Amino acid sequence: MNIHDDCASFKEAFPDLDLARLEDSLVRIIEAFHEDLGDPRSTAALDAIDGLNVTFLEMDRIGVPATYTSRLRNEQGALRRSLLRVYHVQRTEFLPSAFLLIQSIVAIILTVLAFMEIEPTYEAVIILGFISFFFISLLRLLRLMDRPFHVEERTKDDVSLFLLRGFVDRLDRPPG
């Protein structure tokens, strides 16, 4: 967003700056980011970030001071670092052996409880239901923490991408 806002300000002093091309590049970055979240091997958003270089070269050509362009390149670098962090979090399986251990424990506990004879029966059903709910919820929470970014929001626990959607919506609005 900083890159866009700064370039929109520069456009007033440098009318030859192609702001529409920059906006297209920024929307491409966001679209590629959404694609990357769906495909763990894709790095299309990193390539799209490199597309900002065209605008920066154009700024040099039309006479924007190098200090401004340098600041925008720093923002581009910060964007790249943030994206790499998201890739790392999204693609790293945190403690896969612990997750397997918990799955095994849950399966064993639920199996033992299902075949235990607890009197009266309604207490057995309540105990089995409560413990099953607890452990299954724990497994779901661990799975969610392992992969917090989703292409579309499925639960209230997912990391929301509403700020990116809002930025794209803002670009689609006419000025004024």
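Across region 95-143, how large is the tail of the calculated P(r) beyond 16 Å, expressed as a percent of all Cα pairs?
Pairs farther apart than 16 Å: 42 percent.
Return the Rg/Rh ratio of the chain with Cα-based radii and a Kirkwood Rh.
The Rg/Rh ratio comes out at 1.24.
Could you tell me which helices of the chain pass both thresholds, a Cα extent of 24 Å or more along their own axis and a mean Kyte-Doolittle hydropathy of at least -1.0, with helices taken as whole DSSP H runs?
Counting only whole DSSP H runs, the qualifying helices are 19-38, 66-91, 96-115, 121-146.
Excluding residue 79 itself, calculate the net charge of residues whose Cβ lies under 12 Å from the Cβ of residue 79, where each Lys or Arg counts +1 and each Asp or Glu counts -1.
Net local charge, residue 79 excluded: +2.
Under a Cβ-only charge scheme (Lys and Arg +1, Asp and Glu -1), can you give me the dipole magnitude of the chain about the Cα centre, in debye to the nearest 20?
340
Run the helix sum for the chain: -39,500 (n - 2.57) per DSSP H stretch of 4+ residues, divided by residue count, reported at 222 nm to the nearest 500 deg cm²/dmol.
Dividing the helical sum by the residues of the chain leaves -25000 deg cm²/dmol.
Please report, for the Cα atoms of region 1-86, the Rg to one decimal and the Dmax as a whole number; what are they, in angstrom?
13.3, 42
Bear in mind that the values in this text are calculations on the coordinates, not laboratory data. Note that this is a predicted model, so its numbers are computed, not measured. Positions of Cβ are backbone-derived with ideal geometry, glycine not excepted, and every protein chain shown enters the neighbour counts.
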